[in-house]
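Structure, as structure tokens:
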Amino acid sequence: MHGGMVAMPGRFRKRIASIDSGESFVNAFKQGDGRRVAVVGGGIIGCLTALYLHRLGANPIVLEKGDAGRESSWAGAGILCPIHPWLYPDSFTRLIDASLALFPSMNEMVEQLSDLKTEWQSSGMMIPLFADDRIHHRDDALAWSKRFGWQVEELDRQQSCELEATMSGHVGGSLLWPNVGQVRNPRLLAAIRKALEICHVPIREQAEVIGVGKNGQGDVASVVLAGGERIDTDAVLLAAGSWSGGLARQIGLELPVEPVKGQIVLLRDEPGKVKHIIKHDDVYLVPRADGHILVGASMERVGFEPGTTEAVVNNLLEATYRITPGLKDSKIIQQWMGFRPGSPDGMPYLGPVDGYPGLWVATGHYRNGVALAPGTADLMSRWIMGEAPQVDLSDFRVNRPAVNIDKVGFPTA
Ligand SMILES: Cc1cc2nc3c(=O)[nH]c(=O)nc-3n(C[C@H](O)[C@H](O)[C@H](O)COP(=O)(O)OP(=O)(O)OC[C@H]3O[C@@H](n4cnc5c(N)ncnc54)[C@H](O)[C@@H]3O)c2cc1C
């Protein structure tokens, strides 16, 4: 059992109510049926969905094999825009747009509940264009932006260098999306976690789920933890990030989610030295308000191989110095890595599982799990509570054939 459903403390209920005039939260804290939902995985997808489930009157519990919010969701760069969104099907852009539309209200909710700042900000994003670019994005990027209403500006060389003083003089021009945002992942995760605690949603750490039990009717009715403990539940949400494929296999499901390792280097310089997210073929820079600059990220299909490597770190730094030579003297602070939950076509798996009543999946968010988190949490919480989506989500269904593999799927090298 998850333990009894605990009422939301009055002052927090009031805080939420005050921001729930926004469309996405109109039904906050409605009297749900107290449905028990075992959420497997304490990353951003599992934790945020648990918070949204709680809002809808469910009785969720987060089960996490290690420490919550320490895997991909901690390691990521927090760019709130896909890497080259024009390479994906339109259904993906619609999902991203819907999710980003919920970001402000989600952020306000977790900041108010937790009294923590996530450092969500709209820093804008620039793609500098060089004559020897490996991928020439200009035309596709402009067409995509126009079609989906993403404000974009074309800058010439001088404007690009004026806006970003560290930029190489070889730049031919750039594209600038002034409204693209970013968030500081560890801070967002800390705020979501505290919000869950404030709402008395249990987070059980060091609790590895190894199986799922069914009742006499064939409905999912429990999860089994390593060590043998069984937790009764009405529904299970599989949100185990890169480990989802392995866990799915353990319960007899084929789900082709596997880790794609990404390494990041952290630089430090004067605050404001880099103003926008800068994205190029081999590298992106994400400037934080305090002068930290994240340089990412490799795409490696090496299983769960831990640790950073000198070769990758050097590649990231070389690319940085080539694009933005003005950062040559920035201090190198540290390196880290994370395992993106990769899917063959770069798109997440969202929804119920055929033949497993009560089993739900929200995983495979690959390079975009932070940007997609509010949309995923909103969609999945409503769906699990009985509100079927009104939009066509067949491109994200669990047993879909992979599409678009060559463009945004698993790395080949
Ligand atoms: C280097 C890098 C850069 C990135 N940059 C961006 C970006 O700029 N923008 C963006 O939107 N996204 C980015 N991402 C992707 C994003 O971080 C992920 O898509 C997202 O964090 C996935 O969240 P998740 O909750 O599914 O997975 P995770 O955060 O990995 O969480 C899954 C959790 O499940 C737990 N778990 C696994 N198996 C079990 C089990 N059997 N029982 C219990 N618990 C289990 C794990 O311990 C883990 O804590 C980046 C990722 C990386 C690595």
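Points to keep in mind about this one:
- Length released on extending from Ala101 to Glu208, taking residue separation times 0.36 nm less the Cα-Cα span: 35.2 nm
- Max mean-square fluctuation residue, GNM over the chain, Cα-Cα springs under 10 Å, options Gly43, Gly358, Gly303: Gly303
- Residues Arg70 and Asp329, FRET efficiency given R0 of 41 Å [Cβ-Cβ distance, rounded to 0.05]: 0.80
- The slack in the chain from His170 to Val302, taken as 0.36 nm per residue of separation less the alpha-carbon distance, amounts to 44.1 nm.
- Efficiency of FRET from Cβ geometry, Asn315 and Arg397, R₀ 45 Å, rounded to 0.05: 0.75
- Computed from Cα atoms, the angle from the helix 310-323 axis to the main principal axis of the chain rounds to 50 degrees.
- Extension gain for Arg138 to Gln390 (0.36 nm times residue separation, less C-alpha to C-alpha distance): 87.3 nm.
- Computed [θ] at 222 nm, helices only, for the chain once each DSSP H run of length n ≥ 4 contributes -39500 (n - 2.57): -9000 deg cm²/dmol
- Cβ-placed point charges (K, R +1; D, E -1), dipole of the chain about Cα centre in debye, nearest 20: 820
- The per residue volume of the convex hull around the alpha-carbon atoms of segment 329-393 is 147 Å³.
- Between the alpha-carbon centres of segment 216-292 and segment 351-390 there is a gap of 14 Å.
- Here Ser242, Ser394, Ser114 are placed in order of increasing Cβ neighbour count within 10 Å, fewest first, which gives Ser394, Ser114, Ser242.
- Estimated Rh, segment 221-325: Kirkwood, alpha-carbon pairs, angstrom: 16.9
- Annotation: the residues Phe339, Phe410, sorted from fewest to most other C-beta atoms within 10 Å of their own C-beta, follow the order Phe410, Phe339.
- Panel order for Tyr52, Tyr321, Tyr88, by other beta carbons found within 10 Å of each beta carbon, from fewest to most: Tyr321, Tyr88, Tyr52.
Taken together, the values in this text are just the output of simple stated rules run on the coordinates, not laboratory data. As the structure is a computational prediction, the values presented were derived from the model and not from experiment. Reconstructed Cβ throughout: ideal geometry from the backbone, glycine too, with neighbour counts over all protein chains shown.
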